[in-house]
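Heads up, the thing below is written out as structure tokens.
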Amino acid sequence: MKKRLFLTATAVAVAALGATSAMAQADTFKIGLILPLTGQQASTGKQIEAATRLYMAQNGVNMAGKKIELIIKDDGGIPDASKRIAQELVVNDKVNVLAGFGLTPIALAVAPIATQSKTPQVIMAAATSIITEASPYIIRTSFTIPQSAVAMADWAPKNGIKKVVTLVSDYGPGIDAERFFKDRLTFNGGQVIESLRVPLRGPDFAPFLQKVRDIKPDALFVFVPSGAGAAVMKQFLERGMDKAGIKLIGTGDLTDDDQLNDMGDGALNVVTSHHYSAAHPSALNKKFVDAFEKANKGLRPNFMAVGGYDGMRVIYEALRATKGAGGGDALLAAMKGQIFESPRGPMFIDAQTRDVVHNMYLRKVEKKDGKLYNVEFDVIKDMKDPGKTR
Ligand code: DHB
């Protein structure tokens, strides 16, 4: 009798506990943000974390009767760590959305977990074309490397650059950059005379740049991930390659706003193509840059920050549209097709591809108020990922 009473009491207590946590669960909307906050890609993590916090500070944490909770985890830029973290976030924390993903291999490692658990996976950084095809639950708010590479391959031959050597990081986005740049440049009557690949981890650019100096092309086209551009710039200038008449061009990752102002005047006049510049002349961007710098001791937002900021917008608006009542599929449906003004300019999530459609800008490094900026001088409007339309 006593035992039975005890059991009943325990059952009631357990049921009550269950009800409380279920209620807490029902009242909370959880975003699991997986970022490289340590290691080689740490600046990407720092930028995106700061941007997501800014978005929440500006827009509040209450939406559709839910309290939005951000759970931030550091994967150190290691795909196996991201995978384990994503699993824990889905199974233990029961997150509603997975977001972040600082490198392509990380986005790809987590994709099967998004698919199996029907959890939307918002790609805020990684940029290899194929990523959105790795899971039907992937939505991208960063950019695609083929967008940048093709824009540059259209600009270069019209501006006296015919013979080019490419230098890329040897993994997904680098291979995309090499291939899409070469195909388009060749189509436009130019020529890639040598293709060089450097390791992603701990690259030593010196021997590669020496080789480029010996070949002496019209230009060197570079893709390296965010955070590595300053090292390339330094070595390029130290070898006097600019003085030898070799132009430096690349995707905008090269003249990353996170590092640009510290690259020195040697970076002046370098032309790159990208979807975001901190100098983008719109009222919305000015507001974004000012607020970001104010909240982060003067840190200038880069394209990673914008991918994170817009990713939060897409998540918030999906929560609003589903009135807080939807599961992963409903959220995903509400993310598809969103169209809005980003600090980068107009932006659209293509409902078919779940990939970002936005402007690609040609930019030149110039000095404004004593600081180096990527100043936009031309635009290709509403560009889809060339990786999906070929
Ligand atoms: C990727 C990472 C970067 O830091 C970047 O600038 C572009 C692409 C990537 O791994 O996809």
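Based on a Kirkwood Rh over C-alpha pairs, give the Stokes-Einstein translational diffusion coefficient of the range 257-300 at 20 °C and viscosity 1.002 mPa s in µm²/s.
Taking Rh from Cα pairs, D becomes 182 µm²/s.
For the range 331-390, what relative contact order do you get, as a whole percent, if you take Cα pairs closer than 8 Å and at least 6 residues apart?
Relative contact order for the range 331-390 comes out at 25 percent.
Where the centre of each part is set by its Cα atoms, how far does the range 31-92 sit from the range 260-275, in angstrom?
A separation of 29 Å, based on Cα centres.
For a quick check: with amide H placed at 1.01 Å from N, whose amide H comes under 5 Å from Asn359's, ignoring anything fewer than 5 positions away on the same chain?
Residues meeting the criterion, in which the H sits 1.01 Å from N, are Asp382, Met383.
Can you give the three extents of the C-alpha atoms in the range 158-209 along their principal axes, from longest to shortest, in whole Å?
35, 22, 15
What does the convex hull of the alpha-carbon atoms of the range 63-189 project to on average, in nm²?
So the mean shadow area of the Cα hull is 9.6 nm².
Sort the range 263-390 into rounded, prolate or oblate with this rule: let a ≥ b ≥ c be the square roots of the eigenvalues of the Cα gyration tensor; rounded if a/c is under 1.5, and if a/c is not under 1.5, prolate when a/b is larger than b/c, oblate otherwise.
It is oblate, given that a/c is not under 1.5 and a/b is not larger than b/c.
Of Lys118/Lys323; Lys182/Lys368; Lys163/Lys381, which ones are farther than 25 Å apart at the Cα?
Violating the 25 Å limit, Cα to Cα: Lys182/Lys368; Lys163/Lys381.
What relative contact order, as a whole-number percentage, does the range 255-347 give when Cα pairs under 8 Å and 6 or more residues apart are counted?
Reported relative contact order: 30 percent.
Give me the percent of Cα-Cα pairs in the chain that sit more than 38 Å apart, rounded to a whole number.
Roughly 21 percent, rounded to a whole number.
Nearest 10 degrees, 0 to 90: what angle lies between the long axis of helix 283-295 and the longest principal axis of the chain (Cα atoms)?
On a 0 to 90 degree scale, this one is about 70.
What residues qualify as long-range amide H neighbours of Ile68, i.e. H under 5 Å apart, gap of 5 or more or another chain, H built at 1.01 Å from N?
Here the answer is Phe29, Asn62, Met63, since their amide H atoms fall under 5 Å of that of Ile68.
Could you work out the relative contact order of the chain? I mean the mean sequence separation of Cα pairs under 8 Å and 6+ apart, divided by the number of residues, in percent.
17 percent
Quick one: helix 2-27 against the long Cα principal axis of the chain, what's the angle to the nearest 10°, folded into 0 to 90?
In the chain, helix 2-27 runs at an angle near 40 degrees to the longest axis.
According to the Kirkwood expression over distinct Cα-Cα pairs, how big is the hydrodynamic radius of the range 206-342, in Å?
Evaluated on the range 206-342, it is 17.4 Å.
Can you put Thr128, Thr186 in order of Cβ neighbours within 10 angstrom, beginning with the fewest?
Going from least to most buried by this count: Thr186, Thr128.
Between helix 303-321 and the chain, what is the angle of the helix's C-alpha long axis to the longest principal axis, kept within 0 to 90° and rounded to the nearest 10?
30 degrees
Give the peptides 358-368, 27-37 in descending order of average Cβ contacts within 10 Å, highest first.
27-37, 358-368
Any idea what the dipole of the chain comes to, in debye rounded to 20, about its Cα centre with Lys/Arg Cβ at +1 and Asp/Glu Cβ at -1?
680 debye
Is the C-alpha gyration tensor of the range 23-130 telling us rounded, prolate or oblate? Criteria: a/c under 1.5 is rounded; beyond that, a/b larger than b/c is prolate, otherwise oblate.
oblate
For the range 183-196, take each phi angle, set θ = phi - 60°, evaluate the Karplus expression 6.51 cos²θ - 1.76 cosθ + 1.60, and give the result in whole Hz per residue in order, putting x for glycine and proline.
Calculated HN-Hα couplings, in order: 4, 6, 4, 4, 4, 8, x, x, 8, 8, 8, 7, 10, 10 Hz.
From the Cα gyration tensor of the range 107-157, with a ≥ b ≥ c the square roots of its eigenvalues, which class applies: rounded if a/c is under 1.5, or else prolate if a/b is larger than b/c, or else oblate?
Prolate.
Each value in this text was obtained by applying a stated rule to the coordinates, not by laboratory testing. Just so it is clear, the model here is predicted, and its values are computed rather than measured. Glycine gets a Cβ as well: all are built from the backbone with ideal geometry, and neighbour counts include every protein chain shown.
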